[in-house]
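Worksheet for the structure shown next.
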Amino acid sequence: MEEFFLGNVIDAIASQVMILLKEKNLQLLHDIPDQVKTLCLCGDRIKLQLAFSDFLLSIVRYAPSPDGWVEIKVSPGSKMIQDGNEFVRLQFRMTHPGKGIPPALIEDMYGAKSHLDDTRRDCFKPFSQTSQYDEWYCSLYQRSE
């Protein structure tokens, strides 16, 4: 496992969707506190980046355009100490206005024949799907020793 800064992963996924955002004339909004960007995590940075970019690309594809938006919000949550290690819960939300990701695609993503590996399927869950917003969240934990 490698150590990495969460801000570097977030910057990489934002870069990966920029071309599609520009083609659709969408704005990328983000609410990410500096304390979250500078968190040093330990794990598989590439796998985490792939999971985030897959979901962000899906959200961008189904966001209404032109002149729409996609938002990434990262919120620090509760802290827990277990076996001498400190765990910090982080919540990621990716939202856009509009009808949302089609139910058939969601079923493909989470169904028995899912193309997602266990990390992606376990990581991202639909938070809410209404006629106004399509919102997904992911919770990560940081271990500090």
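No lab work stands behind these numbers, since they all come straight from the coordinates. No experiment lies behind these values; they were computed from the predicted model shown. In this analysis, Cβ positions are derived from the backbone assuming ideal geometry, glycine residues included, and neighbour counts consider all displayed protein chains.
For a test of the definition: using alpha carbon positions, the gyration tensor, and the 1.5 limit on a/c, classify the stretch 1-102 as rounded, prolate or oblate.
Judged from the Cα gyration tensor, the stretch 1-102 comes out prolate (a/c at least 1.5, a/b above b/c).
Taking only pairs that are 8 or more places apart or on different chains, how many Lys pairs in the stretch 30-107 have Cα atoms under 21 angstrom apart? Write down the numbers at each step before the final one.
Details: 37/47; 37/73; 37/79; 47/73; 73/99.
The result is 5.
Between residue 15 and residue 99, what FRET efficiency comes out of the Förster formula 1/(1 + (r/R0)^6) with R0 = 22 Å and r the beta carbon distance, rounded to 0.05? Working shown, then result.
Working: r = 27 Å, r/R0 = 1.23.
Efficiency at R0 = 22 Å is approximately 0.25.
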